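Right, one structure below, let's go through it.
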Amino acid sequence: MAVTFRRFTIKYARIAKPHRVARLLLARRSMHTRNLSSVACGVLTAVFLNAQTGYAQELLPNLVARPASEFSLIQINGRLMLRFAATSWNNGAGPLELRSGSASESQGQNVYQRIFRSDGTYIDELAGTFIWHPTHDHFHFGDFALYTFNAVGGDPGSEQASAKTSFCVMDTTAVDLSLTGAPHSAVYSACNKFVQGMSVGWGDRYGPTLAGQSFDITGLPAGDYDLTVISDPNNRLLEANESDNRACVRLRLNPSAWTVQSLGTCGSVSVTSISPNTIKKGTTIQVTVTGSGFAAGMAVGFENGSGPAPVVTNVSITANTITATVSVKNGGNRTTRYWDLRVGPALLPGAMAVIP
């Protein structure tokens with residue numbers, strides 16, 4: 001252990017996930033006791049303890065997986081591939097910062113997670129031995145994310161899985177700069193061989209054209225499929241919350257027709273109402289749809305009716321509300337027709353009446 005008047009650093013190898021914060025605090029208490037005789041009491045008091053507030057607060061990062069997006073189908077070497085983008089972002093109290101340690105081409109690169117504290121000190125914790133790339137002259141974070149793809153209702157174990165090896169961890173996308181501690185410009189903006197990271201409020205996006213951002217769907221039947229993104233699947237990183245590292249989006253896929261459509265969050269979409277719920281032929285109205293589980297990019301439309309179908313445009317989606325423009329052409333019999341409203345996987349029967 002090294003103690004200075006400005007910084008306090010602990011480096012140790014983390015063997016298993018369960019120790020987390022409680023075990024770390026116990027280790028610090030033990031180290032404090034062992035080194036009491038070798039360090040001035042005033043320094044120890046400033047670094048380790050505060051008689052009124054106790055230990056300084058750890059400004060832990062928190063990785064959040066966003067649902068996959070930007071879907072497209074492309075043929076590569078005779079295989080039909082589903083491409084997608086994925087983003088993990090940090091909504092914690094402090095940055096996710098990774099620092100290089102010793103390295104060799106045969107054994108890899110020791111990488112430490114630096115955890116900042118509210119009193120200006122920090123600790124360095126061994127996150128693992130990652131891949132050292134001599135050509136790129138920096139380390140790669142192995143298994144930074146895991147993608148899985150499986151048919152809804154499919155047999156267990158039938159899913160495809162793809163481990164994403166990060167090129168490097170960076171601030172590529174501003175997500176929520178209103179968070180405390182979020183910088184208004186990227187801090188970790190380059191693939192540095194010494195320091196990589198993700199600032200508060202920023203995300204690391206992997207676009208659909210990058211290696212690893214696709215699944216082979218050649219020969220799959222038409223149907224609904226779940227695509228799940230898991231950040232830090234092997235729990236290498238110390239975070240404030242482990243429950244939001246997973247995001248799932250449901251897709252309606254027809255490989256033979258080369259079509260893919262997002263249905264929103266997996267299995268948790270409901271539609272409660274639409275207002276107004278009547279429209280006259282040959283007119284256009286603004287509607288509001290209420291429900292839950294809505295997500296950007298999901299399908300919104302009318303089905304199972306007769307006559308001219310209502311057309312939905314200008315769709316704006318939040319978690320519980322959708323606003324849109326609905327238009328109906330003239331034509332058909334002069335009777336009232338009823339249409340079901342579909343939002344992603346959810347259906348509201350008889351939601352819209354088209355009147356003459």
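The values are calculated or read from the model by the stated rules, or taken from the named source; none is laboratory data. All values reported here derive from a predicted model rather than from experimental measurement. Glycine also receives a Cβ, built like all others from the backbone with ideal geometry; neighbour counts cover every protein chain displayed.
Annotations for the structure displayed:
- Listed by first and then second residue, the pairs linking a residue in region 318-342 that is over 15 Å from VAL354 (Cβ atoms) to a residue that is aromatic (Phe, Trp, Tyr) and surrounded by 11 or more Cβ atoms within 10 Å (Cβ to Cβ), with Cβ atoms under 9 Å apart and 6 or more places separating them unless they lie on different chains, are THR318/PHE294; ALA319/PHE294; ASN320/PHE294; THR321/PHE294; ILE322/PHE294; ARG342/PHE302.
- Test set (1) modelled with pLDDT of 95 or more; (2) within 26 Å of ILE230 (Cα to Cα) - GLY128 fails condition number: (1)
- Residues of region 268-296 classified as surrounded by fewer than 17 Cβ atoms within 10 Å (Cβ to Cβ) and over 13 Å from VAL354 (Cβ atoms), total: 10
Here's the yes/no breakdown for (1) surrounded by fewer than 18 Cβ atoms within 10 Å (Cβ to Cβ); (2) part of a strand (DSSP E or B); (3) in contact with a helix residue (DSSP H, G or I) (Cβ under 9 Å, 6 or more places away or on another chain):
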residue	(1), (2), (3)
SER88	no, yes, no
GLY94	no, no, no
GLU97	no, yes, no
TYR112	no, yes, no
ASP119	yes, no, yes
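- The conditions of being over 16 Å from the mean Cα position of the chain (by Cα), surrounded by 14 or more Cβ atoms within 10 Å (Cβ to Cβ) and either at pLDDT 95 or above or in the same structural domain as PHE215 (by TED's automatic domain parsing) (or both) are not met by ARG79.
- Any hit, region 301-316, residues being more than 16 Å from TRP339 (Cα to Cα), surrounded by 13 or more Cβ atoms within 10 Å (Cβ to Cβ) and within 25 Å of the chain's Cα centre (by Cα): yes
- Per the conditions (1) modelled with pLDDT of 85 or more; (2) at positive phi; (3) assigned to a loop (DSSP other than H, G, I, E, B), the sole criterion not satisfied by LYS329 is (2).
- Checking GLY92 against (1) modelled with pLDDT under 95; (2) under 21 Å from PHE141 (Cβ atoms), the condition it does not meet: (1)
- Residue list for region 332-356, filter: over 15 Å from GLY305 (Cβ atoms) and assigned to a strand (DSSP E or B): VAL343, ALA346
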